[in-house]
Amino acid sequence: MGLNRDYIGKEFPPQEHVVKPEEIAAYALAIGSRNASFLGTNGYDSGLSVIAPPSFTVTYELPFLEKVWGDPGLNGGEEQAKKNVLMLVHGDQNMKFYRPIKPGDKIKYTAKIVDIEDKGSGELLKLSVLSTDEKGEKVTESDWGLFIRGIGSGEKPKAASSGTKPAPAAPPEPPPLAFRDVIRVPEDVTYKYAKASNDHNPIHIDEKVAKEAGLKGIIVHGLCTMSMTMKSIIESYLDADPEKLKALGVRFTAPVYPGDTLIVDGWETGEKNGNSSIAFEVTRESDGVKVIKGGTAEAAL
């Protein structure tokens with residue numbers, strides 16, 4: 001059963017979250033970062049000198065969005081909602097960062113269902129979240145793409161016809177690398193990330209449930225992979241200054257498993273919105289599989 005199209009455009013009541021310094025520290029450590037901007041010189045006790053990792057907003061967005069994507073009305077009943085949640089994986093994430101989040105900030109955030117797309121083998125649920133501060137000024141925008149396997153029409157999406165098919169072009173030569181980094185995914189990362197991010201989906205922490213969902217075993221949260229990659233970009237390309245990162249977008253193309261070694265490669269692609277723009281991808285070292293394709297970032301340099 002597909003998702004209820006009547007929910008497209010539905011906006012949900014605004015929520016509030018007051019940011020605590022220990023939340024920031026826990027999230028930073030869960031993604032393997034010991035950046036002084038996140039922890040201060042003496043840990044999180046250094047107070048308002050600390051800022052949050054740019055992707056920190058997911059920690060308060062997730063509990064609310066879980067209620068949204070688990071809504072029985074959206075899914076066609078409570079039983080179907082349970083099945084859909086089990087079959088849900090993260091498809092893509094795009095974020096814009098307007099100013100750093102600090103301890104003590106009172107964040108107001110609103111969510112909206114932007115679209116529901118039939119992808120044949122499943123459906124893509126698109127959500128957007130806007131976070132603002134006490135003055136009503138933008139802090140972060142998050143666009144979520146969540147893929148629910150097994151509820152699509154079974155038909156492949158039709159591509160626009162353009163008559164005769166042109167011969168495939170030779171792939172362009174990749175530009176010189178702007179940076180390369182290695183991520184060694186800890187064996188216990190899913191448990192630490194689940195606690196720090198408030199994402200307790202059992203496919204990340206329960207081997208049996210993960211296999212029932214058709215996976216080989218526990219997989220790493222997509223947002224954890226994204227945030228570890230974000231850390232690599234900040235440390236390898238942005239002089240360890242997280243405030244330079246203005247936008248980040250990823251498309252998750254294969255699951256990541258605890259213990260994997262990932263290679264992050266990035267290229268400069270010009271300018272966008274007055275910022276330097278880069279493209280990046282993330283590859284599993286053991287089999288060459290791309291786990292993130294088409295990654296993009298904007299940075300103030």
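The values are calculated or read from the model by the stated rules, or taken from the named source; none is laboratory data. Here the structure is a predicted model, which means the values were calculated and not measured. Here the Cβ positions follow ideal geometry from the backbone for every residue, glycine too, while neighbour counts run over all protein chains shown.
In a residue-by-residue description of segment 114-123, the property of being more than 25 Å from residue 81 (Cα to Cα), modelled with pLDDT of 95 or more and in a strand (DSSP E or B) applies to no position.
Listed here are the residues, each with its yes/no results for (1) in a loop (DSSP other than H, G, I, E, B); (2) in contact with a Phe, Trp or Tyr (Cβ under 9 Å, 6 or more places away or on another chain); (3) assigned by TED's automatic domain parsing to the domain that holds residue 91.
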residue	(1), (2), (3)
250	no, yes, no
282	no, no, no
288	yes, no, no
292	no, yes, no
295	no, yes, no
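Would you confirm whether or not segment 43-54 contains a residue that is over 20 Å from the mean Cα position of the chain (by Cα), part of a strand (DSSP E or B) and not assigned by TED's automatic domain parsing to the domain that holds residue 243? Yes, the conditions are met somewhere in segment 43-54.
State whether one or more residues within segment 207-215 are touching a residue at least 24 places away in the same chain (Cβ under 8 Å), of a type in the set (A, V, I, L, M, F, W, C) and part of a loop (DSSP other than H, G, I, E, B). Yes, there is a match, as at least one residue in segment 207-215 is touching a residue at least 24 places away in the same chain (Cβ under 8 Å), of a type in the set (A, V, I, L, M, F, W, C) and part of a loop (DSSP other than H, G, I, E, B). Restricting attention to segment 226-250 and to residues that are among the charged types (D, E, K, R) and under 13 Å from residue 37 (Cβ atoms), the residue that is surrounded by the fewest Cβ atoms within 10 Å (Cβ to Cβ) turns out to be 239. Within segment 242-267, residues that are within 20 Å of residue 143 (Cα to Cα) have Cβ atoms under 7 Å from residues that are acidic (Asp, Glu) in these pairs: 246/298; 247/298; 250/92; 251/92; 252/92, counting only partners at least 6 apart in sequence or on another chain.
Examine segment 87-98 for a residue that is acidic (Asp, Glu), within 20 Å of the chain's Cα centre (by Cα) and within 30 Å of residue 50 (Cα to Cα), and state whether such a residue exists.
Start the filter on segment 87-98 by keeping residues that are acidic (Asp, Glu), which leaves 92.
With within 20 Å of the chain's Cα centre (by Cα) added as a condition, the list becomes 92.
Restricting the remaining residues to those that are within 30 Å of residue 50 (Cα to Cα) gives 92.
Yes: segment 87-98 contains one or more residues that are acidic (Asp, Glu), within 20 Å of the chain's Cα centre (by Cα) and within 30 Å of residue 50 (Cα to Cα).
Summed over segment 50-76, the residues that are farther than 30 Å from residue 133 by Cβ and touching a residue at least 40 places away in the same chain (Cβ under 8 Å) give a count of 3. Here residue 173 qualifies as farther than 29 Å from residue 101 by Cβ, without any contact (Cβ under 8 Å) to a residue 12 or more places away in the chain and surrounded by fewer than 23 Cβ atoms within 10 Å (Cβ to Cβ). Those residues that are touching a residue at least 60 places away in the same chain (Cβ under 8 Å), surrounded by fewer than 22 Cβ atoms within 10 Å (Cβ to Cβ) and within 18 Å of residue 147 (Cα to Cα), I need them from segment 186-201; list them, please. Listed by number, the list holds a single entry, 201.
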